[in-house]
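Report on the following structure.
The values are calculated or read from the model by the stated rules, or taken from the named source; none is laboratory data. Just so it is clear, the structure is predicted and the values come from calculations on it, not from any experiment. Keep in mind that these areas ignore ligands, DNA and RNA; they rest on the heavy atoms of the full protein, side chains included. Shrake-Rupley method; radii C 1.70, N 1.55, O 1.52, S 1.80 Å.
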Amino acid sequence: AAAAMVVWKWLGKRQIQKKMEVARGSRDEGVKKIAKAVQQFREQVSSVQTDAILSLPLLELTGKLQEGSLSPKTVLYTYLEKALEVTQQTNCLRHFIPECEEQLQEIQRQREKGLLYGIPVSIKDHIGHKGHLLTCGLVQCLDTPVQEDSVLVKVLKKQGAIPFAMTNVPQSLYNYDCGNPIFGQTLNPFNHQKSPGGSSGGEGALIAGGVPILGIGSDTGGSIRLPSSFCGLCGLKPTAERLRWVLGVCHTLLLNVDVCSHPTPVPCALGPMARDVDSLALCMKALLCQEMFQLDPTVPPLPFDEKVYSSSAPLRVGYYDTDGYFLLPPCMRRAVSEVRGALQAAGHELVPFSPPRIHYVMTELFLKTLFADGGRAWLDVFTGGIVYPGLKPQVNCCKIPRLGKKLLALILKPLQLLLLLKLKNIATISTCRSVKEMWDHHHQIEVYRTEFIARWRELQLDVVLCPVLGPAFTTGYPGKLLTAISSTMLYNVLNFPAGVVPVSTVTEADEEELKLYRGFCDDPWDRTLKQAVAGAVGLPVAVQCVALPWREELCLRLMKEVETLSREK
(Lines give C-alpha, C1' and ligand atoms only; values in the text may rest on other atoms or scores of the structure.)
Protein backbone atom coordinates (compact mmCIF):
# COMPACT_ATOMS: atom_id res chain seq x y z
CA ALA A 1 0.00 0.00 0.00
CA ALA A 2 2.84 2.33 0.88
CA ALA A 3 4.59 1.56 -2.40
CA ALA A 4 1.33 2.14 -4.33
CA MET A 5 0.88 5.50 -2.59
CA VAL A 6 4.42 6.55 -3.51
CA VAL A 7 3.87 5.54 -7.14
CA TRP A 8 0.51 7.34 -7.24
CA LYS A 9 2.04 10.56 -5.92
CA TRP A 10 4.94 10.27 -8.36
CA LEU A 11 2.56 9.81 -11.29
CA GLY A 12 0.55 12.82 -10.16
CA LYS A 13 3.65 14.99 -9.97
CA ARG A 14 4.81 13.69 -13.34
CA GLN A 15 1.48 14.63 -14.89
CA ILE A 16 1.72 18.13 -13.45
CA GLN A 17 5.27 18.51 -14.76
CA LYS A 18 4.16 17.35 -18.19
CA LYS A 19 1.33 19.91 -18.26
CA MET A 20 3.75 22.68 -17.33
CA GLU A 21 6.28 21.55 -19.93
CA VAL A 22 3.59 21.59 -22.62
CA ALA A 23 2.57 25.13 -21.61
CA ARG A 24 6.17 26.34 -21.67
CA GLY A 25 6.76 24.59 -24.97
CA SER A 26 3.71 26.28 -26.47
CA ARG A 27 5.01 29.65 -25.29
CA ASP A 28 8.50 28.99 -26.70
CA GLU A 29 7.01 27.89 -30.02
CA GLY A 30 4.99 31.12 -30.15
CA VAL A 31 8.14 33.15 -29.52
CA LYS A 32 9.90 31.38 -32.40
CA LYS A 33 7.00 32.06 -34.78
CA ILE A 34 6.92 35.75 -33.88
CA ALA A 35 10.72 35.99 -34.22
CA LYS A 36 10.48 34.44 -37.68
CA ALA A 37 7.66 36.81 -38.70
CA VAL A 38 9.70 39.81 -37.48
CA GLN A 39 12.74 38.61 -39.43
CA GLN A 40 10.66 38.25 -42.61
CA PHE A 41 9.29 41.77 -42.13
CA ARG A 42 12.82 43.11 -41.66
CA GLU A 43 13.93 41.48 -44.90
CA GLN A 44 11.04 43.14 -46.73
CA VAL A 45 11.36 46.56 -45.04
CA SER A 46 14.90 47.34 -43.95
CA SER A 47 14.60 51.10 -43.46
CA VAL A 48 12.42 51.17 -40.32
CA GLN A 49 13.48 53.80 -37.78
CA THR A 50 12.94 51.59 -34.74
CA ASP A 51 14.18 53.99 -32.04
CA ALA A 52 12.15 56.87 -33.44
CA ILE A 53 8.93 54.81 -33.39
CA LEU A 54 9.53 53.39 -29.92
CA SER A 55 10.24 56.84 -28.48
CA LEU A 56 6.96 58.37 -29.69
CA PRO A 57 4.42 59.16 -26.94
CA LEU A 58 1.02 57.55 -27.48
CA LEU A 59 -0.68 60.77 -28.59
CA GLU A 60 1.97 61.41 -31.24
CA LEU A 61 1.95 57.80 -32.39
CA THR A 62 -1.85 57.76 -32.79
CA GLY A 63 -1.60 61.01 -34.75
CA LYS A 64 0.93 59.58 -37.19
CA LEU A 65 -1.09 56.38 -37.61
CA GLN A 66 -4.32 58.31 -38.17
CA GLU A 67 -2.77 60.59 -40.81
CA GLY A 68 -0.99 57.68 -42.53
CA SER A 69 2.63 58.83 -42.08
CA LEU A 70 3.22 55.56 -40.19
CA SER A 71 1.64 52.23 -41.11
CA PRO A 72 0.10 49.92 -38.46
CA LYS A 73 2.18 47.05 -39.84
CA THR A 74 5.45 48.91 -39.33
CA VAL A 75 4.47 49.88 -35.79
CA LEU A 76 3.29 46.37 -34.87
CA TYR A 77 6.44 44.62 -36.05
CA THR A 78 8.64 47.26 -34.44
CA TYR A 79 6.96 46.59 -31.10
CA LEU A 80 7.03 42.82 -31.60
CA GLU A 81 10.77 42.97 -32.18
CA LYS A 82 11.29 45.05 -29.05
CA ALA A 83 9.01 42.73 -27.03
CA LEU A 84 11.18 39.76 -28.00
CA GLU A 85 14.21 41.58 -26.63
CA VAL A 86 12.53 42.71 -23.39
CA THR A 87 10.99 39.34 -22.51
CA GLN A 88 14.34 37.63 -23.12
CA GLN A 89 15.81 39.90 -20.45
CA THR A 90 12.92 39.99 -17.95
CA ASN A 91 10.65 36.98 -18.71
CA CYS A 92 7.63 39.30 -18.75
CA LEU A 93 5.51 37.61 -21.45
CA ARG A 94 3.32 34.61 -20.89
CA HIS A 95 2.42 34.27 -24.55
CA PHE A 96 2.38 36.20 -27.80
CA ILE A 97 -1.01 36.50 -29.51
CA PRO A 98 -0.42 35.33 -33.12
CA GLU A 99 -3.91 36.53 -34.08
CA CYS A 100 -2.46 40.07 -33.89
CA GLU A 101 -1.64 39.70 -37.60
CA GLU A 102 -5.32 38.96 -38.33
CA GLN A 103 -6.34 42.01 -36.28
CA LEU A 104 -3.84 44.06 -38.31
CA GLN A 105 -5.68 43.07 -41.48
CA GLU A 106 -9.05 43.69 -39.84
CA ILE A 107 -8.38 47.28 -38.80
CA GLN A 108 -7.23 48.14 -42.33
CA ARG A 109 -10.66 47.02 -43.58
CA GLN A 110 -12.57 49.13 -41.05
CA ARG A 111 -14.31 52.19 -42.49
CA GLU A 112 -13.58 54.38 -39.48
CA LYS A 113 -10.30 54.57 -37.62
CA GLY A 114 -10.81 54.15 -33.87
CA LEU A 115 -9.07 56.22 -31.22
CA LEU A 116 -6.44 53.49 -30.79
CA TYR A 117 -6.03 52.70 -34.49
CA GLY A 118 -2.90 50.61 -35.05
CA ILE A 119 -1.72 50.76 -31.41
CA PRO A 120 -0.13 47.50 -30.13
CA VAL A 121 -1.56 46.69 -26.67
CA SER A 122 -0.58 44.04 -24.13
CA ILE A 123 -3.06 42.48 -21.69
CA LYS A 124 -2.66 40.76 -18.35
CA ASP A 125 -2.73 36.95 -18.28
CA HIS A 126 -6.29 36.63 -16.94
CA ILE A 127 -8.05 39.01 -19.37
CA GLY A 128 -9.84 36.76 -21.85
CA HIS A 129 -8.71 36.59 -25.48
CA LYS A 130 -10.35 34.03 -27.78
CA GLY A 131 -8.28 30.88 -28.29
CA HIS A 132 -5.94 31.55 -25.36
CA LEU A 133 -5.68 30.30 -21.79
CA LEU A 134 -6.36 32.28 -18.64
CA THR A 135 -3.76 30.60 -16.41
CA CYS A 136 -3.28 32.78 -13.30
CA GLY A 137 -0.07 30.74 -13.00
CA LEU A 138 -2.10 27.65 -11.98
CA VAL A 139 -1.79 24.14 -13.42
CA GLN A 140 -5.59 23.69 -13.17
CA CYS A 141 -6.06 26.47 -15.72
CA LEU A 142 -3.94 24.90 -18.48
CA ASP A 143 -6.65 22.82 -20.12
CA THR A 144 -9.35 24.92 -21.78
CA PRO A 145 -8.78 28.02 -23.97
CA VAL A 146 -11.27 30.89 -23.83
CA GLN A 147 -14.02 30.58 -26.44
CA GLU A 148 -14.73 34.30 -26.83
CA ASP A 149 -12.96 37.63 -26.43
CA SER A 150 -13.73 39.46 -23.19
CA VAL A 151 -15.73 42.68 -23.47
CA LEU A 152 -12.59 44.70 -22.85
CA VAL A 153 -10.70 43.01 -25.70
CA LYS A 154 -13.68 43.46 -28.04
CA VAL A 155 -13.76 47.19 -27.30
CA LEU A 156 -9.99 47.53 -27.75
CA LYS A 157 -10.27 45.87 -31.16
CA LYS A 158 -13.26 48.02 -32.09
CA GLN A 159 -11.15 51.10 -31.35
CA GLY A 160 -8.43 49.80 -33.69
CA ALA A 161 -5.98 48.51 -31.05
CA ILE A 162 -3.98 45.33 -31.72
CA PRO A 163 -3.66 43.04 -28.67
CA PHE A 164 -0.35 41.28 -29.30
CA ALA A 165 0.77 39.71 -26.02
CA MET A 166 -0.42 38.35 -22.68
CA THR A 167 1.85 39.10 -19.73
CA ASN A 168 3.04 37.04 -16.78
CA VAL A 169 1.45 37.12 -13.31
CA PRO A 170 2.11 35.73 -9.83
CA GLN A 171 0.48 32.39 -9.06
CA SER A 172 -3.24 32.86 -8.24
CA LEU A 173 -2.70 36.66 -8.58
CA TYR A 174 -2.38 36.91 -4.78
CA ASN A 175 1.08 38.41 -4.52
CA TYR A 176 2.73 41.67 -5.47
CA ASP A 177 5.81 39.84 -6.73
CA CYS A 178 5.53 38.25 -10.20
CA GLY A 179 6.39 34.59 -10.54
CA ASN A 180 4.71 31.21 -10.88
CA PRO A 181 5.87 27.60 -11.28
CA ILE A 182 4.75 27.38 -14.92
CA PHE A 183 6.33 30.44 -16.54
CA GLY A 184 8.87 31.45 -13.91
CA GLN A 185 9.91 34.74 -12.32
CA THR A 186 9.56 38.12 -14.04
CA LEU A 187 12.35 40.62 -13.34
CA ASN A 188 12.42 44.39 -13.01
CA PRO A 189 13.95 45.82 -16.24
CA PHE A 190 15.91 48.46 -14.28
CA ASN A 191 17.50 45.99 -11.86
CA HIS A 192 17.21 42.22 -12.29
CA GLN A 193 17.61 41.67 -8.55
CA LYS A 194 14.38 43.57 -8.00
CA SER A 195 10.74 42.63 -8.52
CA PRO A 196 8.55 44.43 -11.09
CA GLY A 197 5.68 44.30 -8.58
CA GLY A 198 2.39 42.48 -8.99
CA SER A 199 0.06 41.16 -9.78
CA SER A 200 0.26 43.10 -13.09
CA GLY A 201 4.04 42.70 -12.94
CA GLY A 202 4.43 41.34 -16.47
CA GLU A 203 2.72 44.47 -17.76
CA GLY A 204 4.98 46.67 -15.65
CA ALA A 205 8.19 45.00 -16.83
CA LEU A 206 7.15 44.99 -20.51
CA ILE A 207 6.10 48.66 -20.64
CA ALA A 208 9.08 49.84 -18.57
CA GLY A 209 11.33 47.84 -20.88
CA GLY A 210 10.16 49.99 -23.79
CA VAL A 211 7.17 48.06 -25.16
CA PRO A 212 4.21 48.28 -25.50
CA ILE A 213 3.09 51.87 -25.29
CA LEU A 214 -0.12 50.81 -23.50
CA GLY A 215 -1.13 47.83 -21.36
CA ILE A 216 -4.17 46.68 -19.40
CA GLY A 217 -3.89 45.35 -15.84
CA SER A 218 -6.20 44.70 -12.91
CA ASP A 219 -6.13 45.86 -9.29
CA THR A 220 -7.57 44.34 -6.08
CA GLY A 221 -5.05 45.59 -3.50
CA GLY A 222 -2.60 47.58 -5.62
CA SER A 223 -1.96 45.27 -8.57
CA ILE A 224 -1.80 48.13 -11.11
CA ARG A 225 -0.33 50.76 -8.81
CA LEU A 226 2.46 48.69 -7.23
CA PRO A 227 4.01 47.57 -10.57
CA SER A 228 3.67 51.17 -11.77
CA SER A 229 5.52 52.35 -8.66
CA PHE A 230 8.21 49.64 -8.90
CA CYS A 231 8.74 50.17 -12.67
CA GLY A 232 8.37 53.95 -12.98
CA LEU A 233 5.08 53.98 -14.92
CA CYS A 234 1.77 55.76 -14.78
CA GLY A 235 -1.11 53.49 -13.80
CA LEU A 236 -4.79 54.07 -13.03
CA LYS A 237 -7.14 51.95 -10.93
CA PRO A 238 -10.61 53.26 -11.82
CA THR A 239 -13.80 52.85 -9.85
CA ALA A 240 -14.30 49.09 -10.24
CA GLU A 241 -17.62 49.23 -12.10
CA ARG A 242 -16.46 51.72 -14.73
CA LEU A 243 -14.69 49.04 -16.81
CA ARG A 244 -15.74 45.38 -16.87
CA TRP A 245 -15.11 42.13 -18.73
CA VAL A 246 -16.78 38.78 -19.42
CA LEU A 247 -15.62 35.99 -17.13
CA GLY A 248 -13.37 33.23 -18.42
CA VAL A 249 -12.55 29.67 -17.46
CA CYS A 250 -9.95 30.49 -14.84
CA HIS A 251 -12.21 33.01 -13.10
CA THR A 252 -14.89 30.36 -12.72
CA LEU A 253 -12.32 27.95 -11.30
CA LEU A 254 -11.01 30.48 -8.79
CA LEU A 255 -14.56 31.29 -7.65
CA ASN A 256 -14.29 33.06 -4.29
CA VAL A 257 -10.52 33.34 -4.52
CA ASP A 258 -10.28 35.63 -7.54
CA VAL A 259 -12.24 38.65 -6.42
CA CYS A 260 -12.12 39.86 -10.01
CA SER A 261 -14.69 37.24 -10.90
CA HIS A 262 -17.71 38.06 -8.77
CA PRO A 263 -19.41 40.88 -6.83
CA THR A 264 -17.53 41.61 -3.61
CA PRO A 265 -17.35 44.45 -1.08
CA VAL A 266 -13.70 44.94 -2.15
CA PRO A 267 -14.02 44.74 -5.94
CA CYS A 268 -11.33 44.23 -8.57
CA ALA A 269 -10.82 47.00 -11.13
CA LEU A 270 -9.44 46.92 -14.66
CA GLY A 271 -7.25 49.82 -15.68
CA PRO A 272 -4.54 51.08 -18.05
CA MET A 273 -0.77 51.28 -17.53
CA ALA A 274 1.45 53.49 -19.69
CA ARG A 275 4.47 55.78 -19.81
CA ASP A 276 2.56 59.04 -19.30
CA VAL A 277 -0.77 60.32 -18.00
CA ASP A 278 -2.09 61.45 -21.40
CA SER A 279 -1.88 57.82 -22.55
CA LEU A 280 -4.05 56.72 -19.61
CA ALA A 281 -6.58 59.43 -20.45
CA LEU A 282 -6.73 58.43 -24.13
CA CYS A 283 -7.20 54.78 -23.17
CA MET A 284 -10.08 55.62 -20.81
CA LYS A 285 -11.64 57.82 -23.48
CA ALA A 286 -11.41 54.98 -26.01
CA LEU A 287 -12.82 52.33 -23.66
CA LEU A 288 -15.69 54.44 -22.32
CA CYS A 289 -17.60 54.32 -25.59
CA GLN A 290 -20.97 53.09 -26.87
CA GLU A 291 -19.46 49.71 -27.76
CA MET A 292 -18.54 49.11 -24.09
CA PHE A 293 -21.96 50.25 -22.86
CA GLN A 294 -23.80 48.04 -25.36
CA LEU A 295 -21.69 44.91 -24.81
CA ASP A 296 -21.94 45.18 -21.02
CA PRO A 297 -25.10 46.98 -19.84
CA THR A 298 -23.86 46.78 -16.22
CA VAL A 299 -21.26 49.46 -17.05
CA PRO A 300 -22.76 52.92 -16.41
CA PRO A 301 -22.94 54.87 -19.70
CA LEU A 302 -20.57 57.62 -18.56
CA PRO A 303 -18.31 58.81 -21.42
CA PHE A 304 -14.93 60.31 -20.57
CA ASP A 305 -15.28 63.96 -19.44
CA GLU A 306 -12.54 65.75 -21.38
CA LYS A 307 -13.56 69.11 -19.90
CA VAL A 308 -12.68 68.00 -16.36
CA TYR A 309 -9.39 66.43 -17.43
CA SER A 310 -8.32 69.51 -19.43
CA SER A 311 -9.34 72.07 -16.80
CA SER A 312 -6.74 74.45 -15.38
CA ALA A 313 -8.73 75.54 -12.32
CA PRO A 314 -6.83 75.38 -9.00
CA LEU A 315 -7.47 72.23 -6.96
CA ARG A 316 -8.00 71.78 -3.24
CA VAL A 317 -5.68 68.88 -2.47
CA GLY A 318 -5.62 66.85 0.73
CA TYR A 319 -2.27 65.23 1.53
CA TYR A 320 -0.52 62.86 3.95
CA ASP A 321 2.85 61.06 3.87
CA THR A 322 1.98 58.13 6.15
CA ASP A 323 -1.21 56.25 6.96
CA GLY A 324 0.04 55.35 10.45
CA TYR A 325 0.04 51.63 9.74
CA PHE A 326 3.24 50.82 7.85
CA LEU A 327 5.88 53.55 7.69
CA LEU A 328 7.18 53.70 4.12
CA PRO A 329 10.87 54.25 3.23
CA PRO A 330 12.25 57.82 3.42
CA CYS A 331 12.34 58.34 -0.38
CA MET A 332 8.59 57.71 -0.73
CA ARG A 333 7.77 60.28 1.97
CA ARG A 334 10.24 62.73 0.43
CA ALA A 335 8.40 62.41 -2.88
CA VAL A 336 5.08 63.43 -1.30
CA SER A 337 6.73 66.40 0.42
CA GLU A 338 8.36 67.63 -2.80
CA VAL A 339 5.19 67.23 -4.87
CA ARG A 340 3.16 69.00 -2.17
CA GLY A 341 5.54 71.97 -2.35
CA ALA A 342 5.42 72.05 -6.15
CA LEU A 343 1.61 71.95 -6.21
CA GLN A 344 1.42 74.74 -3.64
CA ALA A 345 3.85 76.87 -5.65
CA ALA A 346 1.71 76.26 -8.76
CA GLY A 347 -1.33 77.83 -7.07
CA HIS A 348 -3.16 74.80 -5.69
CA GLU A 349 -4.45 74.73 -2.12
CA LEU A 350 -2.93 71.97 0.05
CA VAL A 351 -4.78 70.71 3.13
CA PRO A 352 -3.47 68.16 5.67
CA PHE A 353 -5.60 65.01 5.63
CA SER A 354 -5.50 61.89 7.79
CA PRO A 355 -7.28 58.71 6.65
CA PRO A 356 -9.20 57.23 9.59
CA ARG A 357 -8.68 53.85 11.27
CA ILE A 358 -6.25 52.20 8.83
CA HIS A 359 -5.42 49.40 11.29
CA TYR A 360 -9.11 48.48 11.42
CA VAL A 361 -9.45 48.74 7.62
CA MET A 362 -6.44 46.54 6.94
CA THR A 363 -7.26 43.70 9.31
CA GLU A 364 -11.04 43.76 9.78
CA LEU A 365 -12.18 44.95 6.35
CA PHE A 366 -9.64 44.14 3.62
CA LEU A 367 -8.08 40.85 4.75
CA LYS A 368 -11.33 39.58 6.20
CA THR A 369 -12.98 40.12 2.80
CA LEU A 370 -10.31 38.23 0.90
CA PHE A 371 -10.08 35.41 3.42
CA ALA A 372 -13.59 35.28 4.84
CA ASP A 373 -13.46 31.47 4.85
CA GLY A 374 -9.99 31.35 6.41
CA GLY A 375 -8.44 30.89 2.96
CA ARG A 376 -9.94 27.44 2.34
CA ALA A 377 -11.25 28.25 -1.17
CA TRP A 378 -7.88 29.78 -2.04
CA LEU A 379 -6.04 26.67 -0.86
CA ASP A 380 -8.27 24.53 -3.10
CA VAL A 381 -6.77 26.02 -6.27
CA PHE A 382 -3.35 24.61 -5.30
CA THR A 383 -4.70 21.06 -4.82
CA GLY A 384 -2.66 18.69 -6.94
CA GLY A 385 -0.41 21.53 -8.07
CA ILE A 386 2.86 23.16 -7.09
CA VAL A 387 3.01 26.21 -4.81
CA TYR A 388 5.48 28.88 -5.95
CA PRO A 389 8.07 29.68 -3.21
CA GLY A 390 6.97 33.34 -2.97
CA LEU A 391 3.47 32.24 -1.94
CA LYS A 392 4.43 29.60 0.62
CA PRO A 393 4.30 31.96 3.67
CA GLN A 394 0.65 32.81 2.95
CA VAL A 395 -0.29 29.25 2.01
CA ASN A 396 1.31 27.85 5.18
CA CYS A 397 -0.58 30.41 7.28
CA CYS A 398 -3.88 29.38 5.73
CA LYS A 399 -3.12 25.73 6.45
CA ILE A 400 -3.00 26.35 10.21
CA PRO A 401 -6.16 24.80 11.73
CA ARG A 402 -8.75 27.19 13.17
CA LEU A 403 -7.90 26.17 16.75
CA GLY A 404 -4.23 26.82 16.04
CA LYS A 405 -5.05 30.30 14.74
CA LYS A 406 -7.03 31.07 17.89
CA LEU A 407 -4.15 29.93 20.09
CA LEU A 408 -1.72 32.02 18.03
CA ALA A 409 -3.95 35.08 18.48
CA LEU A 410 -4.01 34.51 22.28
CA ILE A 411 -0.22 34.22 22.40
CA LEU A 412 0.17 37.48 20.47
CA LYS A 413 -2.34 39.37 22.61
CA PRO A 414 0.14 40.58 25.29
CA LEU A 415 2.35 42.17 22.65
CA GLN A 416 2.06 45.85 21.90
CA LEU A 417 -0.94 46.87 19.78
CA LEU A 418 0.79 47.78 16.53
CA LEU A 419 2.83 44.59 16.45
CA LEU A 420 -0.32 42.59 17.09
CA LEU A 421 -2.10 44.31 14.25
CA LYS A 422 0.77 43.70 11.86
CA LEU A 423 0.84 40.04 12.83
CA LYS A 424 -2.90 39.77 12.44
CA ASN A 425 -2.54 38.73 8.84
CA ILE A 426 -3.82 35.61 7.11
CA ALA A 427 -2.73 33.45 10.03
CA THR A 428 -4.73 35.16 12.76
CA ILE A 429 -7.51 37.01 10.98
CA SER A 430 -11.03 36.21 12.08
CA THR A 431 -13.36 34.63 9.53
CA CYS A 432 -17.03 35.06 8.69
CA ARG A 433 -18.62 32.01 10.34
CA SER A 434 -22.20 32.63 9.22
CA VAL A 435 -24.23 34.42 6.57
CA LYS A 436 -25.22 37.01 9.17
CA GLU A 437 -21.56 37.71 9.95
CA MET A 438 -20.90 38.12 6.22
CA TRP A 439 -23.74 40.64 5.86
CA ASP A 440 -22.52 42.50 8.97
CA HIS A 441 -19.04 42.61 7.45
CA HIS A 442 -20.38 44.11 4.21
CA HIS A 443 -22.29 46.67 6.27
CA GLN A 444 -19.13 47.64 8.18
CA ILE A 445 -17.38 48.39 4.88
CA GLU A 446 -20.24 50.66 3.80
CA VAL A 447 -20.15 52.43 7.17
CA TYR A 448 -16.43 53.06 6.78
CA ARG A 449 -16.87 54.40 3.24
CA THR A 450 -19.52 56.81 4.53
CA GLU A 451 -17.21 57.95 7.33
CA PHE A 452 -14.29 58.49 4.93
CA ILE A 453 -16.37 60.46 2.43
CA ALA A 454 -17.78 62.61 5.26
CA ARG A 455 -14.26 63.55 6.36
CA TRP A 456 -13.31 64.27 2.71
CA ARG A 457 -16.37 66.50 2.24
CA GLU A 458 -15.82 68.25 5.58
CA LEU A 459 -12.46 69.46 4.27
CA GLN A 460 -14.01 70.29 0.87
CA LEU A 461 -11.32 68.33 -0.98
CA ASP A 462 -11.19 67.80 -4.73
CA VAL A 463 -8.44 65.16 -4.63
CA VAL A 464 -5.86 63.60 -2.31
CA LEU A 465 -2.08 63.23 -2.69
CA CYS A 466 -0.49 60.38 -0.73
CA PRO A 467 2.37 57.85 -0.80
CA VAL A 468 2.53 54.49 -2.54
CA LEU A 469 4.64 51.50 -1.55
CA GLY A 470 8.11 51.51 -3.08
CA PRO A 471 10.80 51.60 -4.31
CA ALA A 472 11.01 48.17 -5.97
CA PHE A 473 11.43 45.26 -3.55
CA THR A 474 14.15 42.67 -3.95
CA THR A 475 12.65 39.55 -5.55
CA GLY A 476 11.02 37.24 -3.00
CA TYR A 477 10.30 39.89 -0.37
CA PRO A 478 6.69 40.78 -1.32
CA GLY A 479 5.52 37.37 -0.10
CA LYS A 480 6.95 38.17 3.35
CA LEU A 481 5.22 41.56 3.65
CA LEU A 482 1.57 41.22 2.64
CA THR A 483 0.50 43.89 5.14
CA ALA A 484 2.87 46.50 3.65
CA ILE A 485 0.27 47.27 0.94
CA SER A 486 -1.92 49.41 3.22
CA SER A 487 -1.17 52.53 1.11
CA THR A 488 -2.88 51.05 -1.96
CA MET A 489 -5.31 48.61 -0.31
CA LEU A 490 -7.26 51.45 1.32
CA TYR A 491 -8.60 52.70 -2.01
CA ASN A 492 -9.72 49.22 -3.04
CA VAL A 493 -11.81 48.97 0.12
CA LEU A 494 -13.22 52.45 -0.60
CA ASN A 495 -13.54 51.74 -4.35
CA PHE A 496 -12.07 55.18 -5.14
CA PRO A 497 -10.17 55.83 -8.39
CA ALA A 498 -6.44 56.02 -7.63
CA GLY A 499 -3.39 56.43 -9.83
CA VAL A 500 0.39 56.39 -9.55
CA VAL A 501 2.85 58.82 -11.15
CA PRO A 502 6.67 58.54 -11.05
CA VAL A 503 8.21 61.79 -9.80
CA SER A 504 11.81 61.05 -8.83
CA THR A 505 14.45 58.37 -8.31
CA VAL A 506 16.15 56.98 -5.23
CA THR A 507 19.24 59.01 -4.35
CA GLU A 508 22.38 58.18 -2.38
CA ALA A 509 21.01 60.45 0.38
CA ASP A 510 17.82 58.35 0.47
CA GLU A 511 19.89 55.21 0.81
CA GLU A 512 21.87 56.71 3.68
CA GLU A 513 18.66 57.79 5.43
CA LEU A 514 17.26 54.28 4.97
CA LYS A 515 20.05 52.98 7.22
CA LEU A 516 18.41 54.91 10.08
CA TYR A 517 14.91 53.59 9.25
CA ARG A 518 13.17 51.94 12.21
CA GLY A 519 9.55 52.03 11.08
CA PHE A 520 6.95 52.48 13.79
CA CYS A 521 8.11 49.59 16.01
CA ASP A 522 11.53 48.47 14.77
CA ASP A 523 10.00 44.99 14.69
CA PRO A 524 10.74 42.08 12.29
CA TRP A 525 8.34 43.50 9.69
CA ASP A 526 9.96 46.94 9.71
CA ARG A 527 13.39 45.33 9.43
CA THR A 528 12.19 43.12 6.56
CA LEU A 529 10.87 46.18 4.69
CA LYS A 530 14.25 47.88 5.16
CA GLN A 531 16.00 44.84 3.64
CA ALA A 532 13.46 44.62 0.80
CA VAL A 533 14.07 48.15 -0.52
CA ALA A 534 17.83 48.41 0.13
CA GLY A 535 20.12 48.85 -2.88
CA ALA A 536 17.61 50.87 -4.90
CA VAL A 537 19.68 53.92 -5.94
CA GLY A 538 18.44 55.11 -9.34
CA LEU A 539 15.15 53.22 -9.19
CA PRO A 540 11.83 55.08 -9.67
CA VAL A 541 10.00 56.86 -6.85
CA ALA A 542 6.28 57.59 -7.25
CA VAL A 543 3.30 59.20 -5.52
CA GLN A 544 -0.39 58.27 -5.48
CA CYS A 545 -3.32 60.49 -6.52
CA VAL A 546 -6.91 59.80 -5.46
CA ALA A 547 -10.41 61.11 -6.24
CA LEU A 548 -13.96 60.26 -5.21
CA PRO A 549 -15.83 57.41 -6.99
CA TRP A 550 -16.64 57.95 -10.69
CA ARG A 551 -14.25 60.95 -10.83
CA GLU A 552 -11.47 59.27 -12.82
CA GLU A 553 -11.04 62.41 -14.92
CA LEU A 554 -10.31 64.46 -11.79
CA CYS A 555 -7.83 61.86 -10.57
CA LEU A 556 -6.09 61.96 -13.96
CA ARG A 557 -6.14 65.76 -13.83
CA LEU A 558 -4.11 65.74 -10.58
CA MET A 559 -1.84 63.04 -12.00
CA LYS A 560 -1.18 65.20 -15.07
CA GLU A 561 -0.43 68.23 -12.90
CA VAL A 562 2.01 66.19 -10.78
CA GLU A 563 3.66 64.75 -13.89
CA THR A 564 4.10 68.19 -15.48
CA LEU A 565 5.56 69.78 -12.33
CA SER A 566 7.91 66.82 -11.75
CA ARG A 567 9.20 66.94 -15.32
CA GLU A 568 9.77 70.69 -15.07
CA LYS A 569 11.79 70.13 -11.92
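Worth pointing out:
- Taking amide hydrogens as placed 1.01 Å from N in the peptide plane, the amide H of V543 sits under 5 Å from those of V501, V503, each at least 5 positions away in sequence or on another chain.
- Shape category assigned to region 317-382 from the gyration tensor of Cα positions, a/c cut at 1.5: prolate
- Cα gyration tensor category, rounded, prolate or oblate, for region 1-158 with a/c compared to 1.5: prolate
- Surface accessible to a 1.4 Å probe, K399 within the full protein complex, Å²: 130 Å²
- Overall, the anisotropy analysis places region 467-569 in the oblate class: the square-rooted eigenvalues a ≥ b ≥ c of its C-alpha gyration tensor yield a/c not less than 1.5, with a/b not exceeding b/c.
- Viscosity 1.002 mPa s, temperature 20 °C, Stokes-Einstein D of region 1-309 from Kirkwood C-alpha radius, µm²/s: 109 µm²/s
- Near L350, the amide H atoms lying under 5 Å from its own belong to V317; only residues 5 or more places off or on other chains count, and H is placed 1.01 Å from N.
- When all protein chains stay in place and ligands, DNA and RNA are ignored, the 1.4 Å accessible-area order of D380, D219, largest first, is D380, D219.
- Accessible surface, 1.4 Å probe, highest first, among residues W378, W550, W525, W10: W10, W550, W525, W378
- Reported to the nearest whole Å, the Cα centre-to-centre distance from region 56-122 to region 11-47 is 20.
- Rolling a 1.4 Å probe over the protein heavy atoms leaves R94 with an accessible area of roughly 10 Å².
- Cα-Cα over 27 Å, subset of K194/K285; K480/K560; K32/K158; K194/K237; K154/K392: K194/K285; K480/K560; K32/K158; K154/K392
- Taking θ as phi - 60° and the Karplus parameters 6.51, -1.76 and 1.60, the scalar couplings of region 29-42 work out to 5, x, 4, 4, 5, 5, 4, 5, 4, 5, 4, 4, 5, 4 Hz in sequence order, x denoting glycine and proline.
- With DNA, RNA and ligands ignored, accessible area of S71 (1.4 Å probe; Å², nearest 10): 50 Å²
- Cα radius of gyration and Dmax for the chain (Å): 23.0, 78
- Amide hydrogen neighbours beyond the local backbone of L70, cut-off 5 Å, H modeled: L65
- Shown in residue order for region 227-236 are the 3J(HN,Hα) couplings computed by the Karplus curve 6.51 cos²θ - 1.76 cosθ + 1.60 at θ = phi - 60°: x, 5, 5, 5, 10, x, 10, 9, x, 10 Hz (x for Gly and Pro).
- Over the chain, DSSP H runs of length four or greater, each weighted -39,500 (n - 2.57), average out per residue to a 222 nm ellipticity of -13500 deg cm²/dmol.
- Karplus (6.51, -1.76, 1.60) ³J(HN,Hα), θ = phi - 60°, over region 70-86, in Hz, Gly and Pro reported as x: 10, 9, x, 5, 4, 5, 4, 6, 5, 6, 4, 4, 5, 4, 4, 5, 5
- Residue ranking by accessible heavy-atom surface, 1.4 Å probe, largest first, among I53, I453 comes out as I453, I53.
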